[in-house]
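Okay, structure first, notes after.
Values in this text are rule-based calculations from the coordinates and carry no lab data. Please read all numbers here as calculations on a predicted model, not as lab measurements. For neighbour counting, all protein chains shown are included, and Cβ atoms are generated from backbone atoms with ideal geometry for every residue, glycine included.
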């Protein structure tokens, strides 16, 4: 490995110490010093600096939850590349590492990907083209084309500007309250600038209860919100439930996969990553569910649900061209040339 051939710089060693302190703060400074190859005094100094930072910000200086396996083996972090450290932030990767007793996040990540690909090839429930309904519709009309109590999961990505939040979110909530089954989930992706307004408007339908705020971490360049003096690294997925949620435990951070070619914008100017939406649906839906998107745009949600398999789909958009694009993508997925 490269780190064995090239001497570590002081900055490298400091980063390793910080990583270990985040994962296993209970370790003694002497033990960490032995792992990294520095003096206990150096570790104690960095530990104090991190502690002061936590006190000043009121937040833990970390971006990941760590599995007991990682906490018990903090030396795993020694010499990891940036790509491996990013992979390690995915809790599913940590679980797979623990299962295999592996020390390689990238290896566990590759295995998880292969397992998911294989699982998607053979869903227990077969979905046909007749199970996909895509139509032109405006959420402000109430979308009575969709039956009451017929949808398990709604994922929608509306515009983020204040006017759209004020005008559309109450209609999203109203339709969701009507069409969701008991225990069904409404997932609304939004920015942070008007989060207070979004929460207020989504709370106007009393059939829905706020469940959680999921962080959708984006790998692309982080936008600067100059009016709020904030550099934003993630979007919010506001999760509301009709009645009581009875599903599986959900980890509330989703790392959107890299998209260097910009394919998520190939079909719509505001398009989301299919792989990213797939991860959302993988966590919050199951085979046999009906997945719905009121603002399907270029069809990322539809494609994501179809590639996952076993899920029926209802989608619409006020834009006729967006609907045509989505229908074309559906036809291609079912083997039609156009």
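Using the count of nearby Cβ atoms within 10 Å as a rough guide to exposure, how do 147, 92, 289 rank from fewest to most?
Starting with the residue having the fewest Cβ neighbours, the order is 147, 92, 289.
Expected output is a single nm value to one decimal: the length gained when fully extending between residue 231 and residue 140, i.e. 0.36 nm times separation in residues minus the C-alpha distance. What is it?
29.5 nm
Could you check the spin-label model distance between residue 112 and residue 10? Points 7 Å from the Cα along Cα→Cβ, value in nm.
Spacing of the two 7 Å Cα→Cβ label points: 3.6 nm.
Tell me the relative contact order for the chain as a rounded percent, counting alpha carbon contacts under 8 Å between residues six or more apart.
Relative contact order for the chain comes out at 16 percent.
Just rank 239, 212, fewest to most, by other beta-carbon atoms within 10 angstrom.
By the 10 Å Cβ count, ascending: 212, 239.
Rounded to whole Å and sorted largest first, what semi-axes of the equivalent ellipsoid does the C-alpha gyration tensor of the chain yield via the square root of 5 times each eigenvalue?
Here the semi-axes work out to 41, 23, 18 Å.
At 222 nm, what helix-only mean residue ellipticity would the chain give, in deg cm²/dmol to the nearest 500, using -39500 (n - 2.57) for each DSSP H run of four or more?
Helix-only estimate at 222 nm: -13000 deg cm²/dmol.
Give the peptides 83-89, 166-172 in descending order of average Cβ contacts within 10 Å, highest first.
166-172, 83-89
Kindly put 46, 314 in sequence by how many other C-beta atoms sit within 10 Å of each C-beta, fewest to most.
46, 314
Quick one: helix 105-121 against the long Cα principal axis of the chain, what's the angle to the nearest 10°, folded into 0 to 90?
20
Hey, with R₀ at 51 Å, roughly what FRET efficiency would residue 129 and residue 73 work out to, going by the Cβ-Cβ distance, to 0.05?
Plugging the Cβ-Cβ distance into 1/(1 + (r/R0)^6) gives 0.55.
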